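The values are calculated or read from the model by the stated rules, or taken from the named source; none is laboratory data. Remember, predicted model here, so these are calculated numbers, not experimental data. Counting neighbours? That spans all protein chains shown, and the Cβs are built from the backbone with ideal geometry, glycine included.
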Amino acid sequence: MFVTKGPFIRRTLNSYFTTPNSRMKKIMRANFIDRNWRLHNVQRLHHNEAVCCFVPDYVFEQVIRDGSREERDKAIHILKLSERLRSQRHFVSATDPKRFGIGGHTERRRVVYDMHNIGDDNLLPGDPVRYEDSTDTGDSNIDKCFNHTGSVYDFYNQIFSRNSMDGEGMAMYSSVHFDEDLDNAFWNGRQMTYGNGGGGFIKPGTLTDLIVVAHELTHGVTQYESNLAYSGQPGGLNESMSDVFAIMCDQWVNKQTVNDSHWLIGKDIMVRGGALRSMKSPGGAHPGDRQVSHVRDYREGMGPHQCSGIPNKAFYTACMKVGGNSYETIGKIWYIALKDRLSRLSQFQDAANHTYTIAAELFGEDSNEQKAVASGWSEVGVEARKPTVEEIIVERKKLLSKIDSRLGR
Ligand SMILES: [Zn+2]
């Protein structure tokens with residue numbers, strides 16, 4: 001039951017055996033058991049990676065091991081909360097997504113709710129405070145969230161002709177001011193939820209930045225399209241898709257070419273400096289960054305936020321080979337892959353083969369774009385190839401069954 005390594009535990013054990021007072025010993029032993037029980041349970045719960053949050057668990061797990069008592073308590077609180085929201089998303093993803101879609105609209109529809117710093121997920125979404133056509137509230141978190149949600153809708157709509165996350169005009173619900181100083185943002189299968197930051201790891205007010213909003217909303221798009229599982233390589237692809245479309249949205253809004261972009265996810269949001277993830281150099285965004293950037297470093301059981309560095313680097317490399325605007329070339333290829341080719345259990349090799357094939361369909365055999373896709377995947381150790389006839393038949397069957405389920409047949 002006990003975790004028997006780490007500086008905190010060594011420190012605690014040393015103090016325990018060198019403290020003469022027996023009452024003090026009892027108190028310290030009780031604290032030791034309590035903290036390690038909590039750490040053990042948080043770790044156990046998090047092996048079941050069913051859902052996404054913006055800041056990866058390993059950032060907080062490291063704080064539990066190395067941080068001060070106050071930092072540890074906050075980190076444990078965040079992990080417990082994200083686990084609860086995860087189970088909700090698992091439930092929602094497993095049920096008919098149309099239940100929550102309320103689609104059929106052709107205009108964008110946003111609603112932002114205020115949770116008034118209450119951290120009870122049973123009370124989501126909270127009080128509605130901002131709708132379409134309403135004016136600024138004066139609360140920067142609420143207004144930022146509302147405006148950035150609009151930018152993400154416009155990006156998908158204008159670049160990919162997509163009408164909201166389900167493609168059918170579903171309303172976009174967001175809750176802000178969730179909990180006092182929560183350092184995370186979540187997609188729970190039906191809505192976005194944003195903490196205030198300021199808990200010690202994330203700067204206050206930065207969780208409603210454009211790239212965070214775009215990342216979270218893309219989890220919604222993925223859920224309604226390929227519905228990639230949130231574990232193993234499909235989980236890495238799921239996380240990567242959110243980063244890929246978030247960085248493209250950031251480039252589109254800021255009118256940046258691939259050479260102008262910083263290719264960072266969560267730039268300037270971390271209290272300790274650096275960014276949360278780097279698509280150009282996975283693993284090098286901040287000192288505790290554990291992302292990998294090559295399939296030789298992939299291991300079974302690796303978290304989606306860790307192995308997403310592999311497809312992220314493939315996408316970055318392909319974009320840099322082509323130049324110009326990512327969302328006009330390689331981004332279109334990735335969008336078709338997400339929408340029509342990938343499925344729940346797709347692996348990195350499947351993503352490489354599909355994007356390679358789509359590149360030829362859109363831009364021609366041996367086009368610069370197709371060569372760029374091949375070298376992007378090759379850079380991370382995946383050799384893209386055209387699928388065999390058998391693989392095409394299997395994929396077509398999957399696509400037909402997806403269309404049937406969308407049509408309710
Ligand atoms: Zn995510």
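With the checklist (1) over 12 Å from Met192 (Cβ atoms); (2) under 22 Å from the mean Cα position of the chain (by Cα) in hand, flag the one item Val111 doesn't pass.
Of the numbered conditions (1) over 12 Å from Met192 (Cβ atoms); (2) under 22 Å from the mean Cα position of the chain (by Cα), the odd one out for Val111 is (1).
Could you tell me which of the residues Ser326, Ser378 is small (Gly, Ala, Ser), within 30 Å of Cys53 (Cβ to Cβ) and at pLDDT 95 or above? Before you say what the answer is, go through the steps one by one.
Values: Ser378 fails: within 30 Å of Cys53 (Cβ to Cβ).
Going through Ser326, Ser378 in turn, just one is small (Gly, Ala, Ser), within 30 Å of Cys53 (Cβ to Cβ) and at pLDDT 95 or above: Ser326.
Mind checking which residues of region 365-397 are small (Gly, Ala, Ser), more than 18 Å from Arg341 (Cα to Cα) and free of Cβ contacts under 8 Å to residues at least 40 places away in the same chain?
If we filter region 365-397 for residues that are small (Gly, Ala, Ser), which is where we start, we get 367, 372, 374-376, 378, 381, 384.
If we keep only those that are more than 18 Å from Arg341 (Cα to Cα) too, we end up with 367, 372, 375-376, 378, 381.
Selection gives Ser367, Ser378.
Scan region 231-281 for residues that are crowded, with 24+ Cβ neighbours inside 10 Å, under 13 Å from the mean Cα position of the chain (by Cα) and assigned to a loop (DSSP other than H, G, I, E, B) and jot them down.
Matches in region 231-281: Gly266, Leu276.
Give just the number: which of (1) closer than 26 Å to Gln158 by Cβ; (2) more than 12 Å from the ligand (Cβ to nearest atom) does Met241 not satisfy?
(2)
Sort through Asp268, Asp297, Asp289 and tell me the only one that's more than 16 Å from Met241 (Cα to Cα) and within 16 Å of the ligand (Cβ to nearest atom). It would help to see each step written out before you state the result.
Working: Asp268 fails: within 16 Å of the ligand (Cβ to nearest atom); Asp297 fails: within 16 Å of the ligand (Cβ to nearest atom).
On inspection, the qualifying residue turns out to be Asp289.
Is it the case, given these coordinates, that Gly232 is within 16 Å of the ligand (Cβ to nearest atom) and either outside the structural domain of Asn325 (by TED's automatic domain parsing) or not hydrophobic (A, V, I, L, M, F, W, C) (or both)?
Details: within 16 Å of the ligand (Cβ to nearest atom): yes; either outside the structural domain of Asn325 (by TED's automatic domain parsing) or not hydrophobic (A, V, I, L, M, F, W, C) (or both): yes.
For Gly232, the condition - within 16 Å of the ligand (Cβ to nearest atom) and either outside the structural domain of Asn325 (by TED's automatic domain parsing) or not hydrophobic (A, V, I, L, M, F, W, C) (or both) - is met.
Pick out, from region 151-223, the strands (runs of 3 or more DSSP E) lying fully within it that include 1 or more residues that are within 16 Å of Ile78 (Cβ to Cβ) and within 14 Å of the ligand (Cβ to nearest atom). Working first, answer last.
Numbers: elements: 172-176, 185-187, 192-194.
In region 151-223, 185-187, 192-194 are the strands (runs of 3 or more DSSP E) which contain 1 or more residues that are within 16 Å of Ile78 (Cβ to Cβ) and within 14 Å of the ligand (Cβ to nearest atom).
Can you tell me how many residues within region 300-351 are of a type in the set (A, V, I, L, M), over 25 Å from Glu390 (Cβ atoms) and within 16 Å of the ligand (Cβ to nearest atom)?
Selection size over region 300-351: 2.
If we keep just the residues of region 295-320 that are of a type in the set (Gly, Ala, Ser) and either surrounded by fewer than 23 Cβ atoms within 10 Å (Cβ to Cβ) or outside the structural domain of Gln347 (by TED's automatic domain parsing) (or both), which is modelled with the highest pLDDT?
Result: Gly303.
Being of a type in the set (S, T, N, Q) and part of a loop (DSSP other than H, G, I, E, B) is the filter here, so list the residues in region 285-325 that pass it. Give the derivation first.
Here is the first cut: in region 285-325, the residues of a type in the set (S, T, N, Q) are 291, 293, 306, 308, 312, 317, 325.
Matches in region 285-325: Gln291, Ser293, Ser308, Asn325.
Please specify each residue of region 194-212 satisfying the condition of being of a type in the set (A, V, I, L, M, F, W, C) and either in contact with a strand residue (DSSP E or B) (Cβ under 7 Å, 6 or more places away or on another chain) or at pLDDT below 95 (or both). So that I can check it myself, show each step before the final result.
Going through region 194-212, the residues of a type in the set (A, V, I, L, M, F, W, C) turn out to be 201-202, 207, 210-212.
Within region 194-212, Phe201, Ile202, Leu207, Ile211, Val212 qualify.
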